[in-house]
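All remarks here apply to the structure that follows.
Since every read-out is calculated from the coordinates, none of them should be taken as a lab result. Just so it is clear, the model here is predicted, and its values are computed rather than measured. Heads up, the Cβs are rebuilt from the backbone with ideal geometry, glycines too, and the neighbour counts pull from every protein chain shown.
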Amino acid sequence: MSSPLQVQRMRAAVRRVKAGGERFLGGVLPGASARRLQVRAFADDWAAANLDAQRATGPLWIVLGDSASQGIGATTRDVGYVGVVHERLRRRDAWRVINLSRAGAGVADVLARQLPELTALTEEEPAALVTCLIGVEDIVRRTPGVEIALRQLISLLPSGAVVGTLARGARSGPAAALDAVVREEAAKHRMRIAELPPRFGPGGRGRGAVVLNDVEHHAWAKAVIAAIDGPPAEIAPSTDPELPIVPPLPPVAPPVAEQPAEQVVEDVEEVDEEPVPVRATVISAEVIDAEVIEVVVEVDEDQDDADEDDDEDDEYEDEDDDEPLAAVADHATPALADERAQDRH
């Protein structure tokens, strides 16, 4: 009796044989028949590789998407952007990839089929990386309600997943509207954005954008690697005008204990100023001793800066004011001398 592991290996081998036959016929048959056979061959190749990845160990990358994620348009599956990114990741660690994308898939297909498969694969261990580059088929077909479905899809992806824009630089049209949704929802849910080369809008190829060639797959691989290594998107004021932008509160300083106010004496520069003359009027004078004379004077506090004429008047007044004081002293001295002479006798 065959074990489950042997069954998986047999199924993978059958898928590879089938893919080889389809590639051979695709190289012989022309046009649309060759394209259909390439789609089947790549799908069988990925089915076999997915079975091998489930048995292996290492960081897991799960791919969601459409024909571009399958590698359609590239000469081989490994030349598609998923194969190129996987090869670069394997240089860092033993990365394994499970590709759940489908050729011709739109947003509704990812919601209905690919997301449930993602949930089943990550029940026991979460994926280290999830990418979802979707929307080209919906733009070409003009699928109604795709914007609402895309918002729902991005909200269900795990945080840190990589989503992509399709019409970088376009300002109007269905592709530009989907890109606006991608940027807005990616910022809300902390997704990473791969700025893919434009497939619509300026530089785009319209309906021919569904199929990529080898050079375009390589450019997509560079954009996805840049998104994987970059930070998640952040909400910007232009992302959603309805979202209020609340500025952060300023830091609050801790309360400071009250201290008694201290008298602060500021340093005052010394300025050389001329002395201000003081006007004094002698009111009375009393002789206390022969050597001490008490003089009571009244000082005029309201002084103004005197000009040169006032200075001359002040000198004149000072000389006159000294005369009463000298006179009092002269009259007081003989009387004091007579009084002392009597005390001696």
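For residue 112 and residue 188, the difference between the fully extended length at 0.36 nm per residue and the C-alpha to C-alpha distance is 25.1 nm. Overall, the anisotropy analysis places segment 28-139 in the oblate class: the square-rooted eigenvalues a ≥ b ≥ c of its C-alpha gyration tensor yield a/c not less than 1.5, with a/b not exceeding b/c. For the pair residue 54 and residue 78, the difference between a 0.36 nm per residue extended length and the Cα-Cα distance amounts to 6.8 nm.
Placing a pseudo-label 7 Å from each Cα along the Cα-to-Cβ vector at residue 219 and residue 119 gives an inter-label distance of 3.7 nm.
Pull out a ≥ b ≥ c, the square roots of the eigenvalues of the alpha-carbon gyration tensor of segment 67-213, then state rounded if a/c is under 1.5, prolate if not and a/b is larger than b/c, and oblate in the remaining case. Oblate, since a/c reaches 1.5 and b/c is not below a/b. Here each label is just a point 7 Å from Cα along the line to Cβ, and for residue 93 and residue 229 those points are 1.6 nm apart. By the Cα gyration tensor, segment 95-174 has an equivalent ellipsoid whose semi-axes, rounded to whole angstrom, run 24, 14, 12 from largest to smallest.
Given R₀ = 30 Å, FRET efficiency for residue 159-residue 36 by Cβ-Cβ distance, to 0.05?
Rounded to the nearest 0.05, the efficiency is 0.20.
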